[in-house]
Each structure stands twice: as C-alpha cells, then as structure tokens.
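Accompanying notes for the structure given below.
The values are calculated or read from the model by the stated rules, or taken from the named source; none is laboratory data. Not measured: the values here are computed from a predicted model. Note: ideal-geometry Cβ built from the backbone for every residue, glycine included; neighbour counts use all protein chains shown.
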Amino acid sequence: MANGSILYPLLVACLLVSSSFQSLHRHDGDAAMPSLTLDIDKSFHGCDQNLELKKASCSNKDLDTVPQNLSEDTEVLDLSKNNITKLFNSSFELYPLITSLDISHNDVRSIESGAFYPLKGLLYLFLSANRRLVLPATGAFMMSSQLSILELTASNLKSLPNDTLQWGLHIYILHLWFNQLSFINISSCGMVKSVILTGNRLQHLTARDFIFVCHTDTLDLTKNHIQTVDPDVIASLHVRSLVLGGYPLSDEVLANIFIGISKSDIEQLTIEKGSVGAFPEDFFDPLRDSSLSVLDFNSNDLSSLYSLVFSNLTKLIQFSFTYNNLPIDEIQPDFFEGMKALRVLIINYNQVRQVNPHNQTWTVDLSEFYLSGNLLTEISASVFLGLGNLTFLDMSSNKYLSFLELTAFSGLDNIQTIYLTESRITVLELYTPILRSLSINSLRSEYNPLRPGASFQHLQSLVNLDMKDSGLDIWNIWNENRNVSLFDGLLNLINLELSSNPSLCFISDLPPGIFQQLSVLQELNLDRCDITNLHPLVFSGLESLQKLSLKGNNIHHIHDDILSGLGQIKSINFEGNRIAYLEELMFSNNWKLTDLSLANNGLTRLNQSTFKPIFSSISSLDLSMNPIDCNCELKWLIDWLNKPIRLIDKENTICSSASLEPLREKPLLHFDPNELCIINYGIFSLIPLASISLVVISVLVYHYRWQLRYKLFLLKLAVVGYKEMRDARDNNDYEFDVNIIFYDDDEEWIREQLRPALEERLQQFQRNVFGDEDLVLGMHYLDSVDYVVSHSYKTIIVLSRAAVHDHWFILKFRTAMDHVSDTLTEFVVVVFLEDIPDDEMPFLARLYLSDGRPYIHWTENVRGQEYFWDELTKNLTINLRTNDLIPNE
C-alpha cells in the first residue's frame, strides 16, 4: 500500500512533464526561443517560462503567493499585477539566480526581513504600486549588494528604513515618487546615482527632518511643499545636482538654499515651477564665487529683468530660464554683466520679442545661445555684437521671425551652428564663412528667401545643411538662365537634407548639374519631394555620396546611368515609389552598396543580372510590399537570400497572385526551388547540340535567302492570291500613275535604278511624279504633296538613314499614311535602301511595319535585285483593299 501511494503521484508527475514537453515548438530561425508552458492545475495559476532566456512571466495570473514550481535557474521573474500580500523568508529560496524581480501592482503589506537574502545577485527590484507597503525596519536589502534599481513608487510609504541604501555598492536609481514620506533619515549610505523623492510630504529641510548622507549625482525634491530650509542641511549634502519646485518657494526659502549651496559642492540647481517672480536686488549675493556652475529656472513667473541682476553669478557656466509663465519682452546684454564664466545661455519659450534692441555690446563670453520658441520678428546685424566666441545659435520655433541679417560686421566670427527651424524668414543674409551647420527646415514663409548663387555664397565651410519641409521650389535651388545652383561653392558639404519639399519638382525635374560641386557630399535625402523623373545625370558630381534616400516619391523608372557615378554609395532607399522594372546595369558601379530598400513599389520581376554587381556587398535588403512573381526564374534570389543577408520586413515580402500556385500570397522565403523547380538534365544536355544545329541552319538560310524569298513569294501567289480583295479602280482612274517620295540625297538611286526599271517593266505608267520637282505648281508645298498623294494610283516611299532624320520627309510619309487609313487601300509601297538601326527608326515607320503593310528591301546582291524588281512590279500593278484576314508580304 505504501508503494502504491508513492508510485501514483510519480506517475501523475511524469504525465504532466511529458505533456509539457510536447508543447515545445521550434519555429523558423527568426522565431522566439523555445517556450515551455506549465499546464498545471488552475489552482496553481501556471506561469509562462522561456527556458533558454531563463525568464518566467507570472504577470496578471491572480496569484496570492510566490509560485514554487518554476525553474530553479530562473533569472528574470515577473510577478506584477497579482494579489500577493506577503513576502516570506522562504518565498525566493528556490530561485537564488534571480537578477530582476518585479512585484509591482500587488498588495504587498509585509516583507519578512530575510525575504531577499537568497537573491545575492539581484540587480533590479520593482515594488511600486503596493498601496499598503511597509518595509522591514532593518536589513531588508542586506544581501543585495549588487542592487542597481530600486523602484518604490506610489506605495504609500510613510517612512524609509535608515539602512535602505547602506548595503548597495552602486545603486543607479532609487524611485520614491508619490509616497507619504514626511521625513528622511538615511544616515548610512554608499553611492547612489539618482534619488527621486518627487511628490512626497517633505516640508522641512532641517536637521531633524532631513538627514541624507548619500553621495548622489541627482536629488529630486520637486512637488514637496518646502516651507523651511536650514542652510546647513543643504551644505551637508553630497549632491551634484539638486532639483526643487512644484510648489511655490518663498524668497526666504530660496535665500537659505543659496546660502547652503555657497557652503557646499553642489554644482547644479534647478527650480522648476517654483513660482519664482522677480529677483530682488542682491538676490544672488550668496552664490558669488560658489561651486554652482549650472542654474535652471524652468516654468516660473518671472516678469521682468534689470541691469546687473545676475552679476553675482560669477562662476556660473550655464544659465537657463525657460518656459516662463509670463512674457519677458526684452533681453538686454547688461542683464548678464559680471557673469565672467558664463558660456551657455538658454532663454527658450519666454515670449521674448526683442534681443538687444538698443544695440549694446555683449560683455559675456558665450559659446552657446538658445532663443527658441519666442516671439522674435527681426534679428539685425548688430544684435550679437561682442559675442565673438559664439559657436552655437538656436533661434528655432520663432514663428514670426522674418528678417535675419548676419553681416561681416555682426561679430559672429566663430559661429558654427545656426538653427532657424519653424520660422518665417523672408529676408536672409548670412556672412558666416566658418559656419558648419545650418538648419532652416519647416519654413512657413509665403516668400522663400533662398536664391541660387546668392544665399549661400559666404558659407563655404558648411558641412550640414537641413532644408526639410522648407517650401522649396525649383527656382530656389536652380537658375536655368545662368546654370547656377544654390549649392555652388559648398565644397565641404557632407549632409544635405531636402526631404518633404513637394513643390520642388512641380514645375520641372531636377536638372543635371544641380549637385555638381558637392564632391564630398556623403548623405542626400530627397524623401517625399514628389519626384516623378530623374535625369540620368542628376547626381553627377556626387563622387563621395554614401547614403541616398528617395523614399515616398512617384518615380516610375530608374535609368541605368543614374547611379553609375556613385562609386562610394553604401545605402540607397527607393521605398514607396512606383518602380516596376530595374535596368540591367542599374547597380553596375555600386560595388560598395550594403543597404538597399526597394519596398512598396510595383516590382514583379527581378533579374539576376541587375543585382549581380552587388551580390558580395549587400547585407540588408528590403523587397517588401512588391507584387513579386515567384517562379523558377527566381531561384537565384532564394539562393542569394540564404547567404548572410538580412531581408527586412520578411513577413510583408509576399509572392503575388501571378506566382506558382503553391506560392500565391505566401512569404517569399517559403519558396523552395529545389521542390518546385525540378530540372530535366536530359533536356539541358541537348541544348549545345540544338545550338550548333541552329547556327548551321541559319547560315544556309542566309546564303540562299533570295531564292527562298522568291519561292515563298510564288507560293503565296498560288495559295492566297485568289482571295485578295482588289480595288476595282486601275491606274487610268487617277490623275497620276506613280508618285515617288524620296530624300534629296537618294536622288542618284532614283535616277540610276528606279526610273530605268519603271520605264522597262511598267511602260504603261507614263504619268509619274518624281519628288518635289514634279509637284503641282501654284499650291502651297504641303497642299501640293497632299494633292499628288490623293490623286496617284500608287505611292513609293524611299527610306534611308538620312531620310528618316528629315522633318519634311516624315511629314510627307505621314500624309501618305493618312490617305491609306482614309481610303482603306494599300496604295503605298515602302522601299528600304539600307538597314536603319532600331534607335534611329522613326515611330511612323515602326507603326507601318507593325501593321504588316508592304515593304521591300534593296540589296546589292544581283539575285536579290531580281527578286526586288519582281516584287515591286507586282505591288505596283494592283491595289489591295485593306484586309486584316490576309497577311501582307
């Protein structure tokens, strides 16, 4: 009986483990690690575990205790959003390897002092949102010397044990937001990066209520209603940055804070939403020669400033007053006199309307000046006089700023960066020869001030230029009369941002030469510029370009020369265009290309020859959102993607409905050519033999071509001759017999070949019109041509390479063709005197040939000439009615 009682639970356990392991599923190479779900009884509230990552997620499982059936090597345990009320000394004994423990959003009320002792490697502990939490009086974190983050936010804590931070060697952050702490007594502490005490009930920073000995980078006491401050308490702090505010701070409180800081090593003070109004005289006296280097007044109630108000801040390096609740109309240089160490001045979002309205000379030695988000309208040449060492100027988000004039006499001899984002600049003058970065994006002016050859002529050191969404038109960047570009002279430009300018190509395409002088440019962004066509030479001169983005345009075709000059290119983005086909030589000179996006276009076929030059360089490829036809011709692509190439957005790289049936609407990577494309090697072995036979047959056919054509001609007469629909009229029903249209250069052939042949073979044709000399007199030229064509029984059009390039000849050809269409009679015969290359063949001739209309090719071969005259004679003696059912010779 005893043996049975032991074997039965063992059997049940084996079944449970077996069923659990059957739930392991390994997906494709990019799926998550194997996941094991413990399908235990609901009373145990099963958790999800990832055994490979050693993670267990028990969040929101309605637990009231720490589960004891998890893997013992668990390192990350999430117990958030449950109903756990107590942590026992034994709660985590089974999991000594835990490094991250989340018990937030429970109802933990009690923690036994040894609960965390087993977790000697604990790094992250989250206990926030336990509304009735009480920490052990001592020793709770004694064994957690590696603790880095301790999260105790919103846990209704009324006190903090004295040794809370004693054991941590290097705690990165302690969060105590929104508790009920009215005093702090931390008399033993190591190093803590940040302590956040925001939103508690601290009112008195005195020796009785506030003891804090930690060496801390940042101590945040905002949203505590501080009413009294003991300067000695402030002086005792080992804090680099002190943050106060959230409630009104009286002048007395601020004065005592300043006194305390003057005796401390505190370097940075932030007063945020402290309702600071005016600064009384001598307000900053205690801070003269203090250690304070950064002072930030954020979101206060400053109403006005006055001369020398900050003169006692002699050691201050960075001074900021931002987001003031009341307008500060003017900023004058004498406000800051005496601030000998000041280098960074931040006056953002203060509704400032004027800077230096009286043209004073600045006496501070600023390197950075921030004036964003104000109400400035005009910056004249003398506004910054005296700021000779200024390198950074931010005037962004001044929505009424329309006039900016920085001349050679403005004194900004060392300015390197200017931000003018979201302004309304209509007048812009920049004489800043060493400027390296200029941002004028998001311009909202009705009149764009940029002019080619003028606006940037004194910016020869510019490296970064941002003109995103700046309302650019083509005339802002290119003067077609002078062939001058806005970017001419920017020989050091490396980054050019032109995206979101939809009017840029509204009137015309980007012309070649626009980037000609940007030989060191490395990044060019033309996203969302409504580009439809790219000139083959538009990127000429960009020999150093490494990144090109043309995302979100309307480009239909990429000429194979467009990228040929970009030998250093590494990244190209054509996402979101309308490209349906890629030229074979498109990437022929882009051997360094590593990242290519062709996503969201209309690509159906991908040729191996197109991508061959970049086979070895590409590491990232995006073909998603294209209607790709997945067939056996794509075997090369699948083989290529099986190499170390990252296919971006593979879930949306789908085979189109025109693909092989098993692949339709399926991911491209599901295509296995070895299964669907079985190669018949027997057939392939016959290819060389078939090729040799084809060559031999072609040679024989070419040698006997004229005899064959003549025999075929006779055969055609015998087979279909009686079915021809002939025109009932003959040559006697017309005013002229034959009208010959030819180019002047071909007159010798007419005189020596055609005229004698007609006299010999067609003696009945006596009323012939040979070229322009025989046209009807007294009519306009084209009227006379039209008259002769319409009144001639037959018309011969003699084509040569010279003739097809003559405009008047093509007009006569068109006139004849129009009469063919009008009369539905095949009275036109075309004679080719020579082979005309495809790229020279006019459209009209292509149209004529595509309709199967009669034509004859002249040859120097004697036997071929015999066939030629027989065929011509036959075509000149009858007029066939247009009949699409019978093929033409």
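Data overview
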read-out: Positions within the stretch 628-656 being of a type in the set (Lys, Arg) and crowded, with 16+ Cβ neighbours inside 10 Å, in sequence order; value: Lys635, Lys650
read-out: Single match in Thr228, Thr218 (criterion: without any contact (Cβ under 8 Å) to a residue 60 or more places away in the chain, in contact with a Lys or Arg (Cβ under 9 Å, 6 or more places away or on another chain) and polar (S, T, N, Q)); value: Thr218
read-out: Residue within the stretch 277-290 that is part of a loop (DSSP other than H, G, I, E, B) and either at pLDDT 95 or above or farther than 26 Å from Gln227 by Cβ (or both) present; value: yes
read-out: Qualifying residue in the stretch 138-147 (condition: at pLDDT 95 or above and within 30 Å of Leu221 (Cα to Cα)); value: no
read-out: Filter pass, Phe321 being within 28 Å of Leu465 (Cα to Cα) and among the aromatic types (Phe, Trp, Tyr); value: no
read-out: Failed condition for Tyr306, given (1) buried (at least 19 other Cβ atoms within 10 Å of the Cβ); (2) in contact with a helix residue (DSSP H, G or I) (Cβ under 8 Å, 6 or more places away or on another chain); value: (1)
read-out: Members of the stretch 753-779 that are closer than 17 Å to Ile810 by Cα and surrounded by fewer than 12 Cβ atoms within 10 Å (Cβ to Cβ); value: none
read-out: Options Thr198, Thr222, Thr216; residue that is crowded, with 16+ Cβ neighbours inside 10 Å, among the hydroxyl-bearing types (Ser, Thr, Tyr) and under 19 Å from Ser291 (Cβ atoms); value: Thr216
read-out: Condition broken by Thr222, with the remaining ones in (1) under 16 Å from Leu174 (Cβ atoms); (2) out of contact with any Gly (no Cβ under 7 Å at 6 or more places or on another chain); (3) assigned to a loop (DSSP other than H, G, I, E, B) satisfied; value: (2)
read-out: Residue list for the stretch 162-182, filter: of a type outside the set (Val, Ile, Thr) and within 15 Å of Leu135 (Cβ to Cβ); value: Asn162, Asp163, Leu165, Gln166, Trp167, Gly168, Leu174, His175, Leu176, Asn179, Gln180, Leu181
read-out: Filter result for Phe284 (under 25 Å from Ala341 (Cβ atoms), crowded, with 16+ Cβ neighbours inside 10 Å, in contact (Cβ under 8 Å) with a residue 24 or more places away in the chain and touching a Phe, Trp or Tyr at 6+ places or on another chain (Cβ under 6 Å)); value: no
read-out: Test set (1) more than 30 Å from Val789 (Cα to Cα); (2) over 53 Å from the mean Cα position of the chain (by Cα); (3) at pLDDT below 85; (4) loosely packed, with under 13 Cβ neighbours inside 10 Å - Ile697 fails condition number; value: (3)
read-out: Residue within the stretch 468-491 that is surrounded by fewer than 17 Cβ atoms within 10 Å (Cβ to Cβ), touching a strand residue (DSSP E or B) at 6+ places or on another chain (Cβ under 9 Å) and either of a type outside the set (Asp, Glu) or closer than 24 Å to Ile579 by Cα (or both) present; value: no
read-out: Test result for Arg709, among the charged types (D, E, K, R), in a helix (DSSP H, G or I) and at pLDDT below 85; value: yes
read-out: Test for Leu150: is it over 23 Å from Ile234 (Cβ atoms), touching a residue at least 12 places away in the same chain (Cβ under 8 Å) and outside any loop (DSSP other than H, G, I, E, B); value: yes
